[in-house]
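One structure is given here, and the rest of the page talks about it.
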Amino acid sequence: LDALATAAGVVAVADAAMASALRVISVERGLDPRELALVAFGGAGGLHACSLAEELGMTTVLVPRATGVLSALGLALSDLRRDYVAPLLAPLDGGVPDGLEAGFAALEATAAEDLEDPECERRADVRYAGQSFELTVPAGDADALVASFHAAHERRSGYRMEGEPVELVALRLIATVAVDKPVPEEPEPPGSAPAPPSREVRLGEEWVTVPVLARTRLGRGSEVRGPALVDFPEATLLVRPGWAGSVDATGTLILERA
């Protein structure tokens with residue numbers, strides 16, 4: 001029991017570290033996690049998902065059918081992509097700088113040599129003059145670069161400085177080629193199933209007996225209500241008290257917090 005209690009303490013520390021990391025990529029970038037859904041993936045992602053969502057005030061957790069191998073699946077199904085960058089230091093307050101169109105054209109020519117008929121997206125690294133960091137903003141409309149930067153800076157840092165000079169630092173190009181992707185479909189549950197087994201789990205300071213649901217016995221429309229465990233072939237999901245949801249047509253278990 002002492003070992004289990006110690007393990008529970010380690011999990012709590014890990015949750016705190018992961019919550020801090022999630023804040024770095026959301027709150028510190030001007031995004032409110034309460035408006036987003038948390039996707040659980042990896043062998044242990046489902047064990048932490050609900051508690052992390054609670055920590056960040058999120059009310060939706062998505063658990064894909066292939067949650068334990070989602071990174072590998074994403075790599076196999078992702079579009080081909082290459083990123084290109086070229087330095088171009090120039091002020092933006094006087095309008096579109098010389099060399100911008102030529103710079104993007106050169107990057108697009110390189111992309112066309114590397115990939116077959118790629119779709120290209122222009123972006124640019126921009127900053128207030130003298131600033132030690134840049135923000136990457138869309139550059140499809142060169143005339144809107146300054147306005148896009150002011151908006152991005154306010155979203156990221158909470159303020160903008162309309163009167164300060166703005167400068168371009170670098171050009172970026174994202175080149176992609178789409179690949180064929182299968183359409184995920186979730187079948188109906190495979191008939192009636194016996195009553196699920198149960199297992200003791202530690203939730204906070206208490207040991208609780210919860211049902212253990214086999215993901216292979218679930219299907220489109222199957223409902224899950226916490227507290228419960230869901231055993232995937234390559235992962236485990238802990239559905240904490242107050243969470244419930246169902247499997248959608250693509251095989252994703254959508255959990256909502258009451």
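The values are calculated or read from the model by the stated rules, or taken from the named source; none is laboratory data. Predicted model only: the values in this text are computed from it and were never measured. So basically every Cβ, Gly included, is an ideal-geometry build from the backbone, and we count neighbours across all protein chains shown. For accessibility, only protein heavy atoms count, side chains too; no ligands or nucleic acids. Shrake-Rupley method; radii C 1.70, N 1.55, O 1.52, S 1.80 Å.
Just a few scattered comments:
- Listed by first and then second residue, the pairs linking a residue in segment 144-161 that is touching a residue at least 24 places away in the same chain (Cβ under 8 Å) and within 16 Å of ASP125 (Cβ to Cβ) to a residue that is open to solvent by less than 60 Å² (accessible area, probe 1.4 Å) and among the aromatic types (Phe, Trp, Tyr), with Cβ atoms under 8 Å apart and 6 or more places separating them unless they lie on different chains, are HIS153/TYR128.
- Test result for ASP117, of a type outside the set (Gly, Ala, Ser), surrounded by fewer than 13 Cβ atoms within 10 Å (Cβ to Cβ) and at positive phi: yes
- Qualifying residue in segment 60-68 (condition: within 23 Å of ALA175 (Cβ to Cβ) and touching a helix residue (DSSP H, G or I) at 6+ places or on another chain (Cβ under 6 Å)): no
- Here GLU256 meets the list (1) modelled with pLDDT of 95 or more; (2) open to solvent by less than 80 Å² (accessible area, probe 1.4 Å) almost entirely, failing just condition (2).
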